[in-house]
Amino acid sequence: MKKVKIVEVAPRDGLQNLQAFVLTDKKIAFIKKLAGAGTQEIQIGSFVSTRAIPQFRDMEAVTQSVRRLRGVELSVLVPNGRGAEKALACGITRLIFFFSVSSKHNYANVKQSPRDSLKELESICRLLPPGLLTSLRVDLGTAFGCPFSGSVTTAAVLRMVEKVAALGAREITLCDTVGFGHPKAVEEKFRECFRLFPEIRFGAHFHNTRGLAPANALRAYDVGVRSFDSSTGGLGGCPYAPGSSGNIATEDLVYLFESMGIKTGINLKKLLKICAWLQQILPQAKLSGSLFPAGLPRKHKLFC
Ligand code: ZN
């Protein structure tokens with residue numbers, strides 16, 4: 001059976017951009033609803049400095065309430081060893097470390113060079129018990145372009161992948177942080193990654209800034225990617241990347257794959273209900289997906 005894993009990032013990538021604080025019980029309800037729709041993995045937030053992103057000041061409380069959910073993997077972003085320690089203390093063992101291939105974006109985002117981020121990653125790898133190293137995921141931001149310095153070459157991405165792999169990480173996601181990617185670049189970067197690093201599991205994280213995220217996802221699937229990030233309602237962006245808009249909407253990505261007979265495990269009808277609920281509790285947020293509010297085609301075989 002053809003299938004993909006869809007990693008829901010709205011509680012993290014989506015909410016981090018909202019000015020207004022989303023109440024803790026709403027965040028918890030959101031995560032539970034997503035789990036109830038069949039989501040395999042949910043990024044529930046970031047253990048970052050609450051001064052940098054106040055939206056995540058209630059991470060401990062959110063984590064405590066959802067950590068025993070069954071049938072779903074919960075992950076958190078950590079920018080440094082301190083964040084990793086906090087996450088582990090809260091019982092979350094699926095950690096995601098992120099930094100950007102582009103120096104300028106990395107400085108804007110985490111106030112340090114990619115080289116220093118790699119040192120930080122090394123300290124996290126040392127901190128983790130050996131069994132947990134395989135569940136560490138490393139996200140390479142601006143892998144398809146940077147809002148400050150423009151294009152990012154495949155060679156630059158491969159150099160970074162090599163350094164991350166040398167530290168023991170076995171899962172790497174190429175992130176199109178600001179929607180610069182196009183299918184040709186997606187094909188070239190992932191093909192080279194798979195060819196040179198067959199031991200690494202590669203995932204894709206696309207933003208739909210210029211409308212190409214679905215085309216990029218499809219091309220990535222064609223070259224072998226089986227893990228995709230997306231955000232319900234297309235919520236998202238990057239606070240340190242001017243012009244970045246939402247992630248590819250989960251409902252659009254699920255619709256794309258399921259229409260082609262590629263299973264996601266996600267119940268689209270439930271997901272569309274979550275979109276409607278989200279719009280109700282976050283009236284200020286602009287949902288940018290297409291399937292909500294367009295809805296499913298009537299009497300569509302796959303979804304009836
Ligand atoms: Zn993103």
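Read-outs: derived from the displayed coordinates by stated rules, not from any lab. Bear in mind that the values here come from a model prediction, so they are computed numbers and not experimental data. Ideal geometry is used to build each Cβ from the backbone, glycine not excepted, and the neighbour counts take in all protein chains shown.
Just a few scattered comments:
- Average projected area [Cα convex hull, the chain], square nanometres: 14.2 nm²
- Neighbour net charge for LYS273 - beta-carbon separation under 12 angstrom, K R +1, D E -1: +2
- Spin-label pair ILE262/ARG82, simplified geometry with 7 Å Cα→Cβ offset, distance in nm: 4.0 nm
- Surrounding net charge for LYS3, when Lys and Arg each add one and Asp and Glu each subtract one, Cβ distance under 13 Å: +3
- Sum of -39500 (n - 2.57) over DSSP H runs of 4+, divided by residues of the chain (222 nm, nearest 500): -11500 deg cm²/dmol
- Value of relative contact order over the chain, rounded to a whole percent, pairs C-alpha under 8 Å and six or more apart: 19 percent
- Cα-based Rg / Dmax (Å) for region 1-155: 15.8, 46
- Relative contact order for region 81-163, counting Cα pairs under 8 Å that sit 6 or more residues apart, in percent: 38 percent
- Under the simplified labelling scheme, the LEU196-ARG210 pair shows an inter-label distance of 2.3 nm, with each label point 7 Å from Cα along Cα→Cβ.
- Its relative contact order, with pairs defined as Cα atoms under 8 Å and 6+ residues apart, puts region 1-126 at 21 percent.
- In plain terms, the chain from LEU127 to HIS182 could stretch by 16.1 nm, reckoned as 0.36 nm per residue minus the Cα-Cα distance.
- Pairs of lysines in region 154-276 whose Cα atoms sit within less than 28 Å of one another amount to 5, provided the residues are eight or more positions apart or on different chains.
- Restricting attention to region 25-144, the count of lysine pairs at 8 or more positions apart or across chains with alpha carbons under 28 Å apart stands at 10.
- Label positions at PHE148 and GLN64, each projected 7 Å from the Cα along the C-beta direction, are separated by 3.7 nm.
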